[in-house]
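**Q** Here's a structure for you.
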Ligand SMILES: C[C@H](O)[C@H](O)CC(=O)C(=O)O
Ligand SMILES: [Mg+2]
């Protein structure tokens, strides 16, 4: 079989939820007074959209092969991502064989080192990488997980992130991760409210259901240590992303200080094998949580995951929908997955990247059969009702 080449890469933006899951309408739990690094400014405390959490929007990457097959992926990146692809990265993609994924990744990363390394550039590289995996798997007529070595279990198990762990328990999830609402700037009263919510949820869900707190980079070591100590009383399973991602030293200190048995997790805003090497070698956490659409894509995640495995650590990707499912099902050190509750009241299961994808699978009773991931590629289609915009068409 002669391998098709890549004829064209195209980059589009898209608004309204989906891969930029913070880009929701009003009244959504995900924008309801959640603690952030900006919470020290009262004007930006009530809403994360007020400081711009949703400014990027979704980036859609399409790659078209010489045989007419089209692969695509969505991530967070919007117009900036489009610019990087159309003005810079396209040269490494167009004309390459659809199997050239490893070389393309290296060229995208090395050529952007002078302005990249993390953040939007890595989101963008991830988007191209995921579109290439989708394309290759479609050309071969196989699901992406088959290209990664195949499933190691028959089904995935999920915990839910959202405002209602009590409802998540009824829906069959194994745990519920709450957003932390109050940061250090809200003092002892905020701390009391954080603990009160946890206590209420513990009372509603019983002793065996996992409860976690997602702190979205909002704390300092002192506050996080005090929160962890008091939350232990309510059986907090892990404290997530307590500190800004560059504070590797703080994470290492926090991990030494949390009560025995409580886990420290982080990594959704970390990227590449080198970033995760810092987290792993400095003993920053117990579980790493790369976002597949931000950490460098699947090509990089495989390296990050092997590194974590050698350190005896679990990899439980942040969000990432199908990009996580196809990965998690193939890895021994990824025993469960996250499901972000995207219903405004966190009271029903809707697809994580709704409304941008069609055929996006969802957990049923907190579980997903591996067999639902058996369609070619990542098994999803772009929803034609979502209006794409190509700002830097060539
Ligand atoms: C709930 C968190 O603040 C954030 O929106 C999602 C996240 O960090 C996670 O799912 O993990
Ligand atoms: Mg998180």
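**Q** What is the Å³ per residue value for the convex hull set by the Cα atoms of the chain? Can you show the working numbers first?
**A** Values: hull volume 50.8 nm³, N = 394.
Dividing the Cα hull volume of the chain by its residue count gives 129 Å³.
**Q** Here's a follow-up. Relative contact order for the stretch 147-375: what is it in percent, counting Cα pairs under 8 Å that are at least 6 residues apart? Show your work: numbers first, answer last.
**A** Details: 457 pairs, mean separation 53.1, N = 229.
Answer for the stretch 147-375 is 23 percent.
**Q** Something else now. What is the angle, in °, between the Cα long axis of helix 221-231 and the longest principal axis of the Cα atoms in the chain? Nearest 10 is fine, range 0 to 90.
**A** Taking the Cα atoms of the chain, the angle to 221-231 is about 70 degrees.
**Q** Going highest first, how would you order 290-296, 74-80, 276-282 by mean Cβ packing within 10 Å? Mind dumping the intermediate values first?
**A** Numbers: 290-296: 29.0, 74-80: 25.9, 276-282: 18.3.
Going by the mean number of other Cβ atoms within 10 Å, highest first, we get 290-296, 74-80, 276-282.
**Q** Where does helix 187-205 land angle-wise versus the long Cα axis of the chain, in degrees 0 to 90, nearest 10?
**A** 80 degrees
**Q** Run a plain Debye calculation on the stretch 147-375 (Cα atoms as equal point scatterers, no solvent) and give log10 I(q)/I(0) at q = 0.10, 0.11, 0.14 Å⁻¹, rounded to two decimals, same order as the q list.
**A** Those come out to -0.43, -0.53, -0.87, one per q.
**Q** Related question: Any idea what angle helix 272-281 forms with the longest principal axis of the chain, computed on alpha-carbon atoms, 0 to 90 degrees, nearest 10?
**A** 30 degrees
**Q** Return a whole-number percent for the relative contact order of the chain, with Cα pairs under 8 Å and 6 or more residues apart as the contact set. Spell out each step's value before the answer.
**A** Working: 906 pairs, mean separation 83.5, N = 394.
The normalised contact order for the chain reaches 21 percent.
**Q** Can you tell me the relative contact order of the stretch 76-127? Whole percent, Cα pairs under 8 Å, sequence separation 6 or more.
**A** Values: 25 pairs, mean separation 28.3, N = 52.
For the stretch 76-127, the relative contact order is 54 percent.
**Q** Here is a further query. Of the peptides 315-321, 103-109, 340-346, how do they stack up when ordered by the mean number of other Cβ atoms within 10 Å, highest first?
**A** Working: 315-321: 25.9, 103-109: 19.0, 340-346: 20.6.
Going from most to least packed, we get 315-321, 340-346, 103-109.
Laboratory data are not the source of any read-out in this text; all were calculated from the coordinates shown. None of these values were measured; they are calculated from a predicted model. In this analysis, Cβ positions are derived from the backbone assuming ideal geometry, glycine residues included, and neighbour counts consider all displayed protein chains.
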